[in-house]
Structure formats: C-alpha cells, structure tokens
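The values are calculated or read from the model by the stated rules, or taken from the named source; none is laboratory data. Here the structure is a predicted model, which is why all the values come from computation and not from measurement. All Cβ positions, even for glycine, are placed from backbone atoms using ideal geometry, and neighbour counts span all protein chains on display. Heavy atoms of the whole protein, side chains included, go into the accessibility calculation; ligands, DNA and RNA do not. Shrake-Rupley method; radii C 1.70, N 1.55, O 1.52, S 1.80 Å.
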Amino acid sequence: MVISRMSWKIRSIKMPKPKRILANGCWELLHHGHLLHLAAARKMGDELWVSVTDDLHVNKGPGRPTYPQEQRLALVKALRCVDKAFTCSGLIEALEFSKPDILVKGIDYKSGLHEAHEKYCRQRGIKIRYTDTPKFSATQLIRGIQRDQGF
C-alpha cells in the first residue's frame, strides 16, 4: 500500500493595517460639537483613538478643568465612535503613543497647528485633516453657566 504525501503550503495573507485616526483635546464639558467632531473623525479611518489632556496640562485658565481627567476620559470612552481613549500630557505624547495615520483636528485649527506638531507629523508621514463640523465652545458654555449661577 502506497500512501501519497501531499505538501501543503500555507500562505500568509497580509491583511491591510487598519487606518488609525487620532483626535486630541481636553474634552471638558463634553458637548454636541465634540460628538459631531469625533463622529466625523471616525469616518476618516478604521480606528478612532482619542487622547484626553491630563489635568496638569490643561491650559484653559483658572479653575479649569472643571472636572478631573478620569471623568473626562470615562465620558470619551463611552462614545460608540471611539475605539480607544487614553490620557496624555499633550499632542506629541499622544502621537508617540498612538502612532496614527491621520491626526484630526477641528475646523478652528484649519489655519494651522503649532509648528512643532506639524513638523512631527510631516517627519513621520502622519496626515493632518480637519473636520468641518460646527464649532461649539466649552469655554462659552462654562461662562454662560457661571453667569446664570451668579458667578
């Protein structure tokens, strides 16, 4: 009896790397404008990573952030359009950690980012894109609430 042996070659199929998007910000007083921005950012790729600036590095003025980074992070993580969220000290740290294909900022940054951020992205082939969603201002919302409360 002769048993024939067949050799099987297993070919590895290279799956394309998911296109990772990074959105960075304070995300204080998470509002409808933030949701629109993040949903638009998510449509630009396969994974949306969101970095939340830690309390120590939020530079929005006295009394800010109004609630701690753990709470801001939890709110961002709860959004369906967000695949991963994490805290960081700033944009460069977020870029280094997430290694995105695309950095997405809001329309208010369309005139340009800080030169160090643009240079970092340019040197690493990270595309910079902007959403065209309406601009809302958490600072104005906070001031309105404070005004209404007599502060």
Nothing charged except the Cβ atoms of Lys and Arg (+1) and of Asp and Glu (-1): what's the magnitude of the dipole of region 1-141 about its Cα centre? Round to the nearest 20 debye. 900 debye
Full-stretch length increase - residue 132, residue 77 - with 0.36 nm per residue and alpha-carbon distance subtracted: 17.5 nm
Per the 1.4 Å probe, what fraction of the accessible area of the chain, in percent, lies on carbon and sulfur atoms? 54 percent
Kindly provide the helix-only [θ] at 222 nm of the chain, computed as the sum of -39,500 (n - 2.57) over DSSP H runs of four or more divided by all residues, to the nearest 500 deg cm²/dmol? -9500 deg cm²/dmol
Highest first, please rank the peptides 69-82, 32-45 by the mean number of other Cβ atoms sitting within 10 Å of their residues. 32-45, 69-82
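List, in the order given, every pair from 77/127; 110/135; 60/135; 77/110; 43/84; 17/43 whose Cα-Cα distance in the structure shown is over 22 Å.
77/127; 77/110
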What number comes out for accessible area per residue over region 9-150 if the probe is 1.4 Å? Units Å², please. 62 Å²
Filter the chymotrypsin sites (Phe, Trp or Tyr not before Pro) in region 1-102 to those in DSSP coil with at most 11 other Cβ atoms within 10 Å of their Cβ, and list the result. 8
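Looking at region 87-119, which trypsin sites (Lys or Arg not before Pro) are in a loop (DSSP not H, G, I, E or B) and have at most 10 other Cβ atoms within 10 Å?
Those that pass, being in a loop and sparsely packed, number zero.
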Residue (of 131, 85, 18) at the positive-pole extreme of the chain, dipole from beta-carbon charges: 18
